[in-house]
1. Ranked highest first by average number of other Cβ atoms within 10 Å, how do B:281-293, B:65-77 line up?
2. Once every DSSP H run of n ≥ 4 in chain B is given -39500 (n - 2.57) and the sum is divided by its residues, what mean residue ellipticity at 222 nm do you get, rounded to the nearest 500 deg cm²/dmol?
3. For n ≥ 4 DSSP H runs only, could you compute -39500 (n - 2.57) per run for chain A, divide by its residues and tell me the 222 nm figure to the nearest 500?
4. Could you put B:Ser190, B:Ser205, A:Ser216 in order, starting from the residue whose Cβ has the fewest other Cβ atoms within 10 Å?
5. Take peptides A:141-148, B:12-19 and line them up by average Cβ neighbours within 10 Å, highest first, as a rough protection proxy.
6. How far is helix A:117-126 tilted off the main Cα axis of chain A, in degrees rounded to 10, range 0 to 90?
7. Per residue of the stretch B:203-212, in order, report the coupling 6.51 cos²θ - 1.76 cosθ + 1.60 (Karplus, θ = phi - 60°) as ³J(HN,Hα) in whole Hz, putting x for Gly and Pro.
8. Does anyone have the angle between helix A:87-99 and the longest principal axis of chain A? Alpha-carbon axes, 0 to 90°, nearest 10?
Amino acid sequence: MSIFINSAAQISTQAPLDDSFFAHPVECAQMYCRSVEADYKRFVPPAAARRMGPLLKRAVATSVTALGKAGVTDPGAIICGTGLGCIENTEKFLTSMIENGETCLQPTLFINSTHNTIASQIATFLGCNGYNSTYAHLGISFESALMDAVMMLETGQTADALVGAHDEMTPTYFKLFGMADYWRAPHGECSVSFVIGNARTPDSLCRLLDVDLFHSSGSEQVIGRLERFLGKNGITAQEIDLVVTGCNGDGRYDGSYDSLLDGLFPDGVARCRYKHVFGESFTAPAYGLLLGSMILREGTVPEPFIHGGKRPGECRTILCVNSFKSKDWSFILIGK
Amino acid sequence: MGAVSALGNGVDEHLRALLEQRSGIGKMKYLPSVHRELPVGEVQMTDGEICAVLGIPYDVRYTRTALMGALAVREAVRNAGLEGRTDGHVALISGTTVGGMDKSEALYEEFLKGGCDTGFIKTQDCGTTTEFAVGCTPVFDLTTTISTACSSAANAIIFGANLIRTGRYDVAVVGGSECLTKFHLNGFNSLLILDHGQCRPFDDSRAGLNLGEGAGYLVLESEESVKAHGIKPLCELKGYGNACDAFHQTASSADGRGAYLSMCKALADSGLSPEDIDYVNAHGTGTPNNDLSEGVALERVFGAGKVPPVSSTKCYTGHTTSASGGIEAVISILALRNGFCPVNLNFRKRIEGLSFSPVSETCRKELRNVLSNSFGFGGNDSSVIFSRTD
């Protein structure tokens, strides 16, 4: 059975709900890069918008846009990945609880603080009673959601799925992450929605071949895991035309990509990156998939994303790799 | 299986308490909340005592969710004899929502002033609480965390089952962990859904839930692997379903649409008919809204007057939120294997408008198929069915 990425939409540091970033990306100029907001009046009635934080509005806007592009009104599954969930509401409720000594608390902030607020509010907004789930696991939150969607399609439990990656970076969290020396890279936010399905459409971006996650604390090496993943999909390393990496410029961890790729591709491979444009966040790998699928559709590799390695030629098969602190790995294989 | 809750540490303690009809809900002892009047189901150990059981030195950065999860994961892994026979190709799928909020709420003010140990900033999120269990029992090469509020652990069971169904894994440890926090105690309190007395699921006078804490995990293994290793499984995970109520962030629809759909999906997946279900371990929080909505959904699935024995075991453990689907899966399997329907404590009068009452007195009977419900905020509803294999 084939799985297709039938549409995608993003709100990020780039022009919102638009593909212009592909040809004309704007690089992150500072360590804290918040997303450029879209005009939400097109998506959410004003009364409802007042009850929604920016993260939720972005999620609804990218979801509705992606569904519209794919011609889907009632997806069989809505699955989101989010590293921190609705952290702005969480902070507000927490602050209020501490300041008021556990009294006089407004339930609205609590109600909208859970990680699954995003996926379930999208379902409520669209009236979708299908499968609904949310993943919150550090740098593989989005890929976990994607893997869930792939398995739902493979087992025939759904024919299509809306898969989202949503994270906000509040000033408080930016400060806390700075204190903890968490990411030595521009901090971004994320809202990307994909519609995937087992039927292709005239506007399909690419095929989604497979997804794997790997926690590298045990005896197996990353390279062995990746080789096994490719082998399972009947693909040799030579057939990979381009690798989209999650390199973010953090010298502590970027070397792990080099070790892996030098080992797998002794003769080198064409490489792209994207976090210098979209910033780092727990769900940033969704931008990597977005970039890879657009490269397959457009048939070109824009210069600003090229990151060493061989000169890219024609791309038929792309591997997206992300390493969260060299510990949690994800591999996404996509094809023309 | 592995479990820790107000009923004790370990699966056996749970079986004993259920058979003795002894609730673990009582006076607040460990959670440093001002709301001492609220009964809760606490794990009767300090964080330091849990560390001692785990055999690790206490560290202030360890969150209670992580510690309880590590305890129950380790028990499940040991009970299944996984160490030494899986070559580390095992997945851990865990559900949690509050993650390390117990420490966040204690340290937040200090953090903002910049005057405290920053190590904790790296350990407060949901994913890190799961990875703590991997550190304590290093047999896993895939781990992820599901966060669908009170159905998190049930959805972890579903993800793990799909890993096996699609041939990606032969063995997956699945469940959830959640500690009590002031954050969600106050959240539920602000929604006015906490009972100031003992909760009374499915009773006409029910007035809300009691919160609890704990962790519960199952070891799922493929049929091929079980046969190859000559293992006698505890039961079969016969089917599962997930649906969204898509009605309101915290309230369930009057006709229990999401609950109805998740149970129907689980039945269809299992190939069983409604009359094959011998016992339902209900979500049964004890709130007026949930129990009526779930009750209506049960009548729609099974037919009015034909609902099988139903009980909620949240009157024993309290509502352990993200862990509940794991702990209640353990309880459902204990019921299946030991031939009893747990008694729904504190029941006096049937809910007006419903055709059934929960199991209210000792009920020993052979069970073949048990259905367990877990419903979460946002209408994230999931149902799983466990069946005897002999």
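1. Working: B:281-293: 25.0, B:65-77: 28.4.
Taking the mean over residues of other Cβ atoms within 10 Å, the ranking is B:65-77, B:281-293.
2. Numbers: 12 runs with 135 residues, N = 390.
That comes out to -10500 deg cm²/dmol.
3. Working: 11 runs with 112 residues, N = 336.
After summing the helix terms and dividing by the residues of chain A, the value is -10000 deg cm²/dmol.
4. Values: B:Ser190 22, B:Ser205 12, A:Ser216 16.
Ascending Cβ contact count within 10 Å gives the list B:Ser205, A:Ser216, B:Ser190.
5. Top of the packing list down: A:141-148, B:12-19.
6. 80 degrees
7. 9, 4, 9, 3, 9, x, 9, 10, 7, x
8. So the inclination is approximately 40 degrees.
Quick note: the coordinates plus some simple rules give every number you see, no bench work behind them. The structure displayed is predicted, hence computed values, not measured ones. All Cβ positions, glycine included, derive from the backbone under ideal geometry; neighbour counts span all protein chains shown.
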